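Here the structure is laid out as structure tokens; the discussion comes afterwards.
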Amino acid sequence: MQNVTLNNGVEMPILGFGVFQIAPEQTEQAVTDALAAGYRLLDTAAAYGNEEAVGRAIKASGIPREELFVTTKLWVQEAPAEENTERAFETSLNKLGLDYLDLYLMHQPYGDVYGQWRAMEALNREGRAKAIGVANFYPDRLLDLVINNEVTPAVNQIETHPFFQRTADQELMREHGVQIQSWGGFAEGKNDLFTNPVLSGISEKHGKSVAQVVLRWLTQRGVVAIPKSVRPERMAENLDVFDFELTDDQMAAIATLETGGSLFFDHHDPAMVNWLSARRLDS
Ligand SMILES: NC(=O)c1ccc[n+]([C@@H]2O[C@H](COP(=O)([O-])OP(=O)(O)OC[C@H]3O[C@@H](n4cnc5c(N)ncnc54)[C@H](OP(=O)(O)O)[C@@H]3O)[C@@H](O)[C@H]2O)c1
């Protein structure tokens with residue numbers, strides 16, 4: 001597995017396993033299968049409701065802690081967020097059965113962002129979160145956070161797939177030492193991604209699947225990917241992307257698939273801000 005080196009020296013696998021929308025009762029088996037397939041980066045979130053199941057699978061695997069890279073995410077906290085963030089972190093850590101996280105992400109650019117970030121900086125200083133970062137930060141919010149705080153986010157996890165490629169955002173992040181990580185790398189299959197003619201044509205040339213072409217395209221661009229699947233054969237398929245390379249022409253052909261916007265939701269839409277900000281987790 002290739003690694004990327006984050007801005008504080010922490011090493012992160014370039015390909016991992018995401019568990020969004022896996023029901024808690026299915027998650028332990030899925031993570032057990034993913035670890036058996038060879039995944040070592042696991043991506044969950046307090047808001048996914050499956051941290052305990054992820055933790056059970058980690059424990060049962062017997063894999064040494066230092067071989068794993070575990071990410072979870074802080075849900076939106078009200079001001080003053082310092083205390084709430086510390087408490088939310090402890091809850092996540094307990095549910096996962098871990099004593100440190102490799103990466104702790106602020107899940108949304110909402111709530112008391114500055115308070116949340118200061119608390120995350122403290123967790124990072126204490127070594128309880130080896131790296132801290134954000135998710136869903138568009139360039140304006142990201143730059144504001146970078147400029148006005150001590151610790152620059154190590155990672156920004158954003159929607160990134162062939163129909164929303166984030167090329168300019170990636171360039172800005174590179175300038176500031178923020179690693180881009182893709183969520184929804186397959187666009188969850190939207191826009192008929194798995195039968196797209198451009199991607200299918202390239203996949204035939206390499207004797208690979210469309211999913212493999214997409215993951216190769218992401219990782220070849222230096223984007224960390226965390227595909228989700230509950231099927232062991234797809235988990236294995238999605239890991240097997242390091243024995244071929246896309247040509248410049250193929251990268252250029254995929255570039256033409258850009259649609260210029262999200263296929264999911266607009267973080268600038270007031271209705272979305274209301275909806276996400278109103279959501280509260282039980283603990
Ligand atoms: N930070 C955020 O706000 C945020 C938002 C969304 C997601 N995420 C993270 O990003 C991860 C990935 O995104 P995602 O789960 O939304 O979607 P995704 O990885 O783009 O797509 C997952 C879908 O693709 C299917 N799939 C997986 N491998 C396949 C293959 N080889 N061939 C055909 N179909 C395949 C899966 O079905 P099966 O399971 O049936 O195989 C599932 O329906 C999440 O799990 C989560 O960790 C973060």
Residue list for the range 80-101, restricted to those being within 16 Å of the ligand (Cβ to nearest atom) and within 18 Å of the chain's Cα centre (by Cα): Ser92, Leu96, Leu101
Going through the range 248-258 in order, the residues found to be assigned to a loop (DSSP other than H, G, I, E, B) and away from the ligand (no atom under 15 Å from the Cβ) are Thr256, Glu258
Which residue pairs have Cβ atoms under 8 Å apart, sit 6 or more places apart or on different chains, and have a first residue in the range 145-174 that is of a type in the set (Asp, Glu) and a second that is in a loop (DSSP other than H, G, I, E, B)? Glu159/Asn136; Glu159/Arg166; Glu159/Gly184; Glu159/Ser262; Glu159/Leu263; Glu159/Phe264; Asp169/Tyr138
Taking the range 28-79 on its own, how many of its residues are in a loop (DSSP other than H, G, I, E, B), modelled with pLDDT of 95 or more, of a type in the set (A, V, I, L, M) and more than 12 Å from the ligand (Cβ to nearest atom)? 2
Only one of Ala129, Ala135 is away from the ligand (no atom under 12 Å from the Cβ) and among the aliphatic types (A, V, I, L, M). Can you tell me which? Ala129
Need the failing condition index for Leu172 against (1) farther than 29 Å from Lys130 by Cβ; (2) out of contact with any strand residue (DSSP E or B) (no Cβ under 9 Å at 6 or more places or on another chain); (3) not β-branched (Val, Ile, Thr), just the number. (1)
Which of the following residues is aliphatic (A, V, I, L, M), touching a strand residue (DSSP E or B) at 6+ places or on another chain (Cβ under 7 Å), modelled with pLDDT of 95 or more and closer than 26 Å to Val178 by Cβ: Ala255, Ala225? Ala225
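Matching residues to (1) in a strand (DSSP E or B); (2) hydrophobic (A, V, I, L, M, F, W, C):
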{"position": "Tyr104", "(1), (2)": "yes, no"}
{"position": "Pro109", "(1), (2)": "no, no"}
{"position": "Arg118", "(1), (2)": "no, no"}
{"position": "Glu121", "(1), (2)": "no, no"}
{"position": "Asn124", "(1), (2)": "no, no"}
{"position": "Gly127", "(1), (2)": "no, no"}
{"position": "Lys130", "(1), (2)": "yes, no"}
{"position": "Val134", "(1), (2)": "yes, yes"}
{"position": "Arg141", "(1), (2)": "no, no"}
Do we have any residue at all in the range 122-130 that's surrounded by 19 or more Cβ atoms within 10 Å (Cβ to Cβ), at pLDDT below 95 and in contact with a Leu (Cβ under 8 Å, 6 or more places away or on another chain)? no
Somewhere in the range 1-16, is a residue more than 17 Å from Gly133 (Cβ to Cβ), touching a residue at least 12 places away in the same chain (Cβ under 8 Å) and more than 16 Å from the ligand (Cβ to nearest atom)? yes
Search result, residues across the range 223-238 that are within 10 Å of the ligand (Cβ to nearest atom) and either crowded, with 18+ Cβ neighbours inside 10 Å or over 13 Å from Ser209 (Cα atoms) (or both): Ala225, Ile226, Pro227, Lys228, Ser229, Val230, Arg231, Pro232, Met235, Glu237, Asn238
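Right, Asn149: within 15 Å of the ligand (Cβ to nearest atom), of a type outside the set (Val, Ile, Thr) and not in a strand (DSSP E or B) or not?
No.
The values are calculated or read from the model by the stated rules, or taken from the named source; none is laboratory data. Keep in mind the model is a prediction, meaning the values are calculated, not measured. FYI the Cβ positions are ideal-geometry reconstructions off the backbone, even for glycines, and counts take in every protein chain you see.
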